[in-house]
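Bear in mind that the values in this text are calculations on the coordinates, not laboratory data. Since we're looking at a predicted model, the values are computed, not measured. Cβ coordinates were reconstructed from backbone atoms using ideal geometry, including for glycine residues, and neighbour counts include every protein chain displayed.
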Amino acid sequence: MSGLKKPSAKHLMLFSGRAYPELAAEIASLLNVDIVPTRALNYANSEIYVRFEESVRGSDAFVLQSHAAPVNEWLMEQLIMVDALKRASAKRITVVVPFYPYARQDKKHRGREPISARLVADLFRTAGANRLMAVDLHAAQIQGFFDGPVDHLWALPVLSDYLQAKYDTATMTVVSPDAGRVRLADMWTDRLNCALAIIHKRRDPNVANTVAVHEVVGDVSGKVCLLVDDMIDTAGTICQAAEALMARGAKSVLAAATHAVLSGPAYDRLQASAFEEVIVTNTLPIPDERRFDTLTVLSIAPLIARAITEVFEDGSVTSLFNGQS
């Protein structure tokens, strides 16, 4: 028996795709680890090649990728990284996706449509992922798409702590920009202990094919209104909501969202909008040319680093959120 080799202690290894190396570097610094050296390149025909430049055998591997545009390229790269880790005998592979790709395609709205969010989960599992970690999924049901543990992280504490330090949140009114975000807005009101309002969009019954008319349900006159959402993409909905609130007598309007996608006309719309401040996190890279005057970007790295530590040490990720459901 004395000749048997003792099992080696488990070790954490952090891997990063090429989409957002700055976030990976910040997380690595907080974890006090180095990002594993990786050779990644695109061949002339756009196929992706990945090779890790040190042994990963027996490791607790965390594979980070932020799914900014081009989403399909970064998704494929992460899948290839997971496959490489599985074939190199990593002990456990956790996919870390601060912004889950295809999250808005979480159900069929009409016949003959895909459920792409489920397909992405299946792809990660097939590639070899044992666990999945994401921040503010667009729909909570996505947690059930992955056949394994899912750590659903909330950016609400990060965003709300900033707001509470800067504003008198007790006198604010939290506003849901549409009916689909009411549950999120309700969580915000619990956190800030303030009032709730909802913007209801409807078509003008007297004019065919018109844009939505915005009705505000709740008292916003003279109030500092905080519009909350999980993401800002083209910014059309949230900017129209801000205009509707100001038209109904709001004192000022703020916005808080986790994911700053900022596609297409988002920059111009937000730059010209009524917002006093737009607060987001850095789950996605925001290039200088997409940053506007009223934008504030908070780091999500400390939250992800703490969650990775809890998973690695077999602790409780839920404990990070002080009872947040």
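Things to note:
- Relative to one another, the C-alpha centroids of region 26-71 and region 267-315 are positioned 22 Å apart.
- Which of 115, 96, 84, positive extreme of dipole for region 58-125 (C-beta unit charges): 115
- For region 156-298: rounded, prolate or oblate by the Cα gyration tensor [a/c cutoff 1.5]: oblate
- Extending 7 Å from the Cα toward the beta-carbon at both residue 55 and residue 170 defines two label points whose distance is 6.0 nm.
- Three-way shape call for the chain based on the alpha-carbon gyration tensor, with the a/c threshold at 1.5: prolate
- Near residue 234, the amide H atoms lying under 5 Å from its own belong to 263; only residues 5 or more places off or on other chains count, and H is placed 1.01 Å from N.
- Taking 7 Å steps out from each Cα toward its Cβ at residue 217 and residue 190 produces label points 1.9 nm apart.
- Label-to-label distance, nm, for residues given as residue 123 and residue 274 (7 Å Cα→Cβ offset): 4.0
- Net charge of neighbours whose Cβ lies under 15 Å from the Cβ of residue 279, counting Lys and Arg as +1 and Asp and Glu as -1: -4
- Of all stretches in the chain that contain no GluC sites (Glu not before Pro) in a DSSP loop with at most 12 other Cβ atoms within 10 Å, the longest one is 55-312.
- The residues neighbouring residue 317, those whose beta-carbon lies less than 13 Å from its own, together hold a net charge of -2 under the Lys/Arg +1, Asp/Glu -1 convention.
- In this Cβ point-charge picture (+1 for Lys and Arg, -1 for Asp and Glu), the chain has a dipole of about 940 debye about its Cα centre.
- Max mean-square fluctuation residue, GNM over the chain, Cα-Cα springs under 10 Å, options 193, 42, 130: 42
- Rounded to the nearest whole Hz, the Karplus-based 3J(HN,Hα) values (6.51 cos²θ - 1.76 cosθ + 1.60, θ = phi - 60°) of region 166-172 follow the sequence 9, 10, 7, 6, 5, 9, 6, with x at glycine and proline.
- Once exposed loop trypsin sites (Lys or Arg not before Pro) are cut out (DSSP; at most 12 other Cβ, 10 Å), longest piece of the chain: 113-325
- Between 239, 225, 194, the residue with the greatest mean-square fluctuation in the GNM of the chain (Cα pairs under 10 Å linked by springs) is 194.
- For residue 100, distant residues with modelled amide H under 5 Å away: 135
- Most fluctuating residue given options 44, 28, 117, as computed from a GNM of the chain linking Cα atoms under 10 Å: 44
- Summary value for the chain: 13 percent relative contact order, contacts being C-alpha pairs under 8 angstrom separated by 6+ residues.
- Relative contact order, whole percent, for region 19-174 stands at 16, derived from Cα pairs under 8 Å and 6 or more residues apart.
- Helix axis angle, 301-312 relative to the chain longest principal axis, alpha carbon, degrees: 40
- The angle between the Cα long axis of helix 21-31 and the main principal axis of the chain comes to about 70°, on a 0 to 90 degree scale.
- The chymotrypsin sites (Phe, Trp or Tyr not before Pro) found in region 14-118 that occupy coil by DSSP, while having at most 10 further C-beta atoms within 10 Å, are 43.
- If R0 is taken as 30 Å, the Cβ-Cβ distance between residue 39 and residue 11 corresponds to a FRET efficiency of 0.90.
- Computed FRET value (nearest 0.05) for residue 247 with residue 299, which takes r as the C-beta separation and R₀ as 25 Å: 0.15
- Here's the list of aspartates and glutamates a cross-link from residue 108 could span, going by alpha-carbon distance under 18 Å and ignoring same-chain residues fewer than 8 apart: 122.
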